[in-house]
Each structure stands twice: as structure tokens, then as C-alpha cells.
């Protein structure tokens, strides 16, 4: 009797398996640089992370914007959507006897965050200190009235 080699279906290479491996690799490398991952970028676009917290009476949104100047940041509230946008610019030009080093980086960023309805834009306070933007706004009075507990039935 001749012995026949057997393989499991998972071990058989298929075009779809190769495509999946390539897609996984693509998403792992998404936003990476030659020096590792860049946490301030998303697919080459600047996208700072946002921290959102609710305290007793306020909603607090904060984000780190390293290297961004206050004059390059804009905050707006439109249809209960908070928008933080701006531009990061930096340049370095250094010349010595034996070399010249010049580098310029720039890019626009924008983040949008849906907020509970009824926030008064006139009551929003924003502070920018040491590269950290902190936005504090009072919760709308009716926010707690909108929250309803939903009963869960066992099946």
C-alpha cells in the first residue's frame, strides 16, 4: 500500500490566506514610522488621542498636543459635536562647519466628539498649558433625565 500524505485544511495555503496575512501586516504597519509607531498619527494624518470624563456637574475633554502652539488650535461646538482642530508645524535648521541639518514637519489635525444635547457653548472653558488642551463644560440639566435603566429578561 502506498502512503498518502494528509494535511489539515488550515495548513493548505490558499489565495485568501495569503491575502489575509498581507492585510494583517498592512494594518499592523498602519501609522508606523522608521523609528516605531507614532501615537500622534493615524494613517499619516495627525490624530491626537482624546480623554473624556464626566464629573459630578461637568464633562471634561483633554488631549495632548505636543509641539502645537495655542494660535494653531481651534475649538468649536456645532449641533452637539465638539471639534478640535489645528496644525502642527515645526522646523529646525542647524549649520556647523562640517554639516547642515534642516528638518520641517507639518500637518493638520481634527477630532470630533459627539456630546449630549443641550450643552451651552458660552459656558465652555478651555485651557492650554504645556502642550495639554483641557476643555471643561457643564453637563446639560436634562442629561440625567434622559438616562433610563432597562430591565433585562432571562431567556
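Just one of the listed residues (117, 138) is under 24 Å from residue 61 (Cα atoms), in contact with a helix residue (DSSP H, G or I) (Cβ under 9 Å, 6 or more places away or on another chain) and either surrounded by fewer than 10 Cβ atoms within 10 Å (Cβ to Cβ) or modelled with pLDDT under 90 (or both), namely 117.
Do the conditions hold for residue 98, that is, is it out of contact with any helix residue (DSSP H, G or I) (no Cβ under 6 Å at 6 or more places or on another chain), assigned to a strand (DSSP E or B) and either at pLDDT 85 or above or surrounded by 11 or more Cβ atoms within 10 Å (Cβ to Cβ) (or both)?
Working: out of contact with any helix residue (DSSP H, G or I) (no Cβ under 6 Å at 6 or more places or on another chain): yes; assigned to a strand (DSSP E or B): no; either at pLDDT 85 or above or surrounded by 11 or more Cβ atoms within 10 Å (Cβ to Cβ) (or both): yes.
Judged against the criteria, residue 98 is not a match.
Of all residues in region 58-78, those satisfying the criterion of being outside any strand (DSSP E or B) and at pLDDT 90 or above are 70, 71, 72.
The values are calculated or read from the model by the stated rules, or taken from the named source; none is laboratory data. In this text the structure is predicted, and so the values were computed from the model without any measurement. Because the Cβ atoms are built from the backbone with ideal geometry, glycine has one as well, and the counts that use them run over all protein chains shown.
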